[in-house]
Amino acid sequence: MTEPLLSVKDLKVSFYTRAGENQAVRGVSLHIDEGETVGIVGESGSGKSVTAKAIMGLISPPGQIIGGEIDFAGQSLVGLTEREWRRLRGNRIAMVFQDPMTSLNPVKKIGDQMTEVIRRHRGLAKEAARKEAIEMLRRVGITRPEQRLDQYPHEFSGGMRQRVMIAMALSCQPELLIADEPTTALDVTIQAQILDLLKQLKANSRMSIVLITHDLGVVAQVCSRVVVMYGGMVMEEGTAEDIFYRPKHPYTQGLLRSLPKRQGGTRERLVPIEGTPPDLLDPPQGCPFRDRCPHAMPKCAELPPHFEVGPGHRALCWLNDEGVQAQLRREPELEGSAAHDRE
Amino acid sequence: MTGSNAKDVLVDVQGLKKHFVKGRDVWGRSNEVLKAVDGVSFQIRRGETFGLVGESGSGKSTVGRCLIRLYDYTDGTVRFDGHDLTKLGEKQLKPFRRRIQTIFQDPYSSLNPGMNVLELIGEPMNIHGLYARADERKEAVAALLERVGLKREHLYRYPHEFSGGQRQRISIARALSVRPDFVVCDEPISALDVSVQAQVVNMLEDLQNEFGLTYLFIAHDLSMVRHISDRIGVLYGGRLVEVADSDELYENPLHPYTKALLSSIPVPDPRAVQERAEWKADGGEDIPELREASPGHFVALP
């Protein structure tokens, strides 16, 4: 087995606010192999975006990485100076954010912004950088790139701006692309085009992609592997097939069940996950999902380890422990005994 | 609409247009007009949920705002329960302002942060003179709070103390406080977490059955719209391109734009192979009037 391109071990990130310590990421471990597309799914407050920011070295006060390791291609990323980060960020690790309007400079032509990036990171001369920018825009499906280089961001639609952002991110041939909700602000038809673009990039290069999203549909369409986060922790990790067809964590199961069914006919009632996500200023001991979990039992007050439930498939839930399973066979009434109706 | 089923129609929109003036010349004449809604007609039957879908700029929120007369419209009529609201002044509109309520997308900006829950939910009751005595009103508010899954002890709390889902419950209680007939739900779940959306959708369905409500459900999340709506209208460029029963629309879309829109929804199934229908917008297309292609299924094909 070769070394993964990126590995995160027991990452902990907290934000020190007036209200107290917000433990946004509480011990996250994950890895990204070369050439694979991994989805990190979670709702707001799950810690998915903070994890991505930590990988990019973008945690700034009041936020702080308080523990763990991040290794990228054999190099430790925790504790790099801003100078060292600048050599890495944009160059070998690139990022695309949700809102392309706020990440582009509104008073500079697209071409100038792109060539600046290409010249800084790849040391090309002005003309060569412009040629490269044209080529990149063409690759992400922008027509008449020569003319569009001389336009300003406001002359582009939302979908086109996101293409420009992707083109800029790709112009330095990064080994890792982190896309944080890249299609959330876009209309569905435009989203479909951007997802197609990502799939195409994936097929034509060795670049690894981390796609952060709350949309299970997006994940299913693009990602080969999925990491499910909740309450600052990884609840479950596996291939897309594992997660969608053999989910082993009650949170993953609940998320999938709460989606409206596609079949028509009689209107089936939705099955929601009751309750609300945990308060990370005062996170619960043990499993973060236990307050909302229909299977919760006294054992859940203790944080479970990640159980290996299949090759590369792990879940943070006691239900996958052989001892607990044996106990549940003897005392089935235990399962769900600690589940309380919060409403 | 003929006499026999006219009684079933609660909201009747005919030829609705809303144009915004974007620029004026030196004489103050408008020379640049944004046609946000440009001739939309549909009916909403009593007790049903009519879904309105479309992408940004399609005019779906503008239609909703015209129905609650947040905007005066450029042309067309809106009849509510047989009454023409188009020409009514604010005073004559007041009874309808009680019967038509709204739930907005963002539960963070739609609740006054300086009011507690009792004041927020009690305010519309007060405006419409529903409960004369303060203690009666408080009881009614507490009962409503419990109905939407919150507790009596939340009465004196402020919006910032609640999560997004709980705030949306407060918005719903506020809308229902004056016993409306018709609720315009403008993207009511888009700002909520996935795990909370289903809770709110179930509650909206329960409340509809309990109070006999009629909904206009405006949304861009197409899978949830299918779930909640009886019928759906697809808006494109300020015009309706297709109207049908929701299952019929999803299983048998006729307009190329509807086909493209529906086939763009990413399916939460890694084994699904998605065939996407292409739609090339050229911006200058003229959308014709809706014609009935099969019973109850209307489409605007050239």
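The values are calculated or read from the model by the stated rules, or taken from the named source; none is laboratory data. Because the structure is a prediction, the values reported are computed rather than measured. All Cβ positions, glycine included, derive from the backbone under ideal geometry; neighbour counts span all protein chains shown.
Let's see how each residue does on (1) of a type in the set (Ser, Thr, Tyr); (2) out of contact with any Phe, Trp or Tyr (no Cβ under 8 Å at 6 or more places or on another chain); (3) surrounded by 14 or more Cβ atoms within 10 Å (Cβ to Cβ); (4) assigned to a strand (DSSP E or B):
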site	(1), (2), (3), (4)
B:Leu16	no, no, yes, yes
B:Trp27	no, yes, no, no
B:Gly51	no, no, yes, yes
B:Gly57	no, yes, yes, no
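Which condition from (1) touching a Leu at 6+ places or on another chain (Cβ under 6 Å); (2) part of a strand (DSSP E or B) is the one that B:Arg174 breaks?
Against the list (1) touching a Leu at 6+ places or on another chain (Cβ under 6 Å); (2) part of a strand (DSSP E or B), B:Arg174 comes up short only on (2).
For the range B:209-228, indicate whether the set of residues that are more than 30 Å from B:Ala175 (Cα to Cα), among the hydroxyl-bearing types (Ser, Thr, Tyr) and either within 13 Å of chain A (Cβ to nearest Cβ) or free of Cβ contacts under 8 Å to residues at least 24 places away in the same chain (or both) is non-empty.
Within the range B:209-228, none of the residues are more than 30 Å from B:Ala175 (Cα to Cα), among the hydroxyl-bearing types (Ser, Thr, Tyr) and either within 13 Å of chain A (Cβ to nearest Cβ) or free of Cβ contacts under 8 Å to residues at least 24 places away in the same chain (or both).
Can you tell me which residue is farthest from A:Asp33 (Cα to Cα) among those in the range A:83-97 that are in contact (Cβ under 8 Å) with a residue 24 or more places away in the chain and out of contact with any helix residue (DSSP H, G or I) (no Cβ under 9 Å at 6 or more places or on another chain)?
A:Trp85
What's the total number of residues in the range B:219-250 that are farther than 19 Å from B:Glu48 by Cβ and outside any loop (DSSP other than H, G, I, E, B)?
Of the residues in the range B:219-250, 4 are farther than 19 Å from B:Glu48 by Cβ and outside any loop (DSSP other than H, G, I, E, B).
Being facing chain B (nearest Cβ under 8 Å) and either buried (at least 16 other Cβ atoms within 10 Å of the Cβ) or modelled with pLDDT of 85 or more (or both) is the filter here; which residues of the range A:252-263 pass it?
Within the range A:252-263, A:Gly254, A:Leu255, A:Leu256, A:Ser258, A:Leu259, A:Pro260 meet the criteria.
Name the residue that is farthest from the other protein chains (Cβ to nearest Cβ), counting only residues in the range A:200-244 that are closer than 23 Å to A:Leu186 by Cα and of a type in the set (D, E, K, R).
A:Lys202
Name every residue in the range B:253-271 that is under 25 Å from the mean Cα position of the chain (by Cα) and more than 7 Å from chain A (Cβ to nearest Cβ), in order of residue number.
B:Pro253, B:Leu254, B:His255, B:Pro256, B:Tyr257, B:Thr258, B:Lys259, B:Leu262, B:Ser263
Could you grab me the full set of residues in the range A:160-192 that are within 14 Å of another protein chain (Cβ to nearest Cβ) and surrounded by fewer than 19 Cβ atoms within 10 Å (Cβ to Cβ)?
Across the range A:160-192, the qualifying residues are A:Thr184, A:Ala185.
Taking the condition of being surrounded by fewer than 17 Cβ atoms within 10 Å (Cβ to Cβ) and within 25 Å of A:Leu198 (Cβ to Cβ), how many residues in the range A:34-76 meet it?
Of the residues in that region, 5 qualify.
Report, by residue number, each residue of the range A:1-26 that is among the small types (Gly, Ala, Ser) and closer than 15 Å to A:Ile40 by Cβ.
Taking the range A:1-26 first, the residues among the small types (Gly, Ala, Ser) are A:7, A:14, A:19-20, A:24.
Once the filter is applied, which keeps residues that are among the small types (Gly, Ala, Ser) and closer than 15 Å to A:Ile40 by Cβ, the range A:1-26 yields A:Ser7, A:Ala24.
Could you please let me know if A:Pro106 is in a loop (DSSP other than H, G, I, E, B), of a type outside the set (S, T, N, Q), more than 26 Å from the chain's Cα centre (by Cα) and closer than 30 Å to B:Tyr236 by Cα?
The answer is yes for A:Pro106.
Please list, ordered by residue number, the strands (runs of 3 or more DSSP E) wholly in the range A:1-45 having 2 or more residues that are of a type outside the set (Asp, Glu) and within 14 Å of another protein chain (Cβ to nearest Cβ).
A:37-41
Here are the criteria: (1) out of contact with any helix residue (DSSP H, G or I) (no Cβ under 9 Å at 6 or more places or on another chain); (2) closer than 30 Å to B:Thr102 by Cα; (3) not aromatic (Phe, Trp, Tyr). Tell me which single one B:Asp286 does not satisfy.
Unmet condition: (2).
Please determine whether any residue of the range A:125-135 is part of a loop (DSSP other than H, G, I, E, B) and in contact (Cβ under 8 Å) with a residue 24 or more places away in the chain.
No, the range A:125-135 has no match at all.
Quick test of your reading of the structure: B:Ala198 fulfils all but one of (1) buried (at least 18 other Cβ atoms within 10 Å of the Cβ); (2) in contact with a Leu (Cβ under 9 Å, 6 or more places away or on another chain); (3) more than 30 Å from B:Leu249 (Cβ to Cβ). Name the failing condition by number.
Going through the list (1) buried (at least 18 other Cβ atoms within 10 Å of the Cβ); (2) in contact with a Leu (Cβ under 9 Å, 6 or more places away or on another chain); (3) more than 30 Å from B:Leu249 (Cβ to Cβ), B:Ala198 breaks only (3).
Every residue in the range B:134-182 that is surrounded by fewer than 17 Cβ atoms within 10 Å (Cβ to Cβ) and aromatic (Phe, Trp, Tyr), please.
Of everything in the range B:134-182, those that are surrounded by fewer than 17 Cβ atoms within 10 Å (Cβ to Cβ) and aromatic (Phe, Trp, Tyr) turn out to be B:Tyr156, B:Tyr158.
Within the range A:133-141, is even one residue farther than 25 Å from B:Ser56 by Cβ, β-branched (Val, Ile, Thr) and more than 14 Å from chain B (Cβ to nearest Cβ)?
Yes, that holds for at least one residue.
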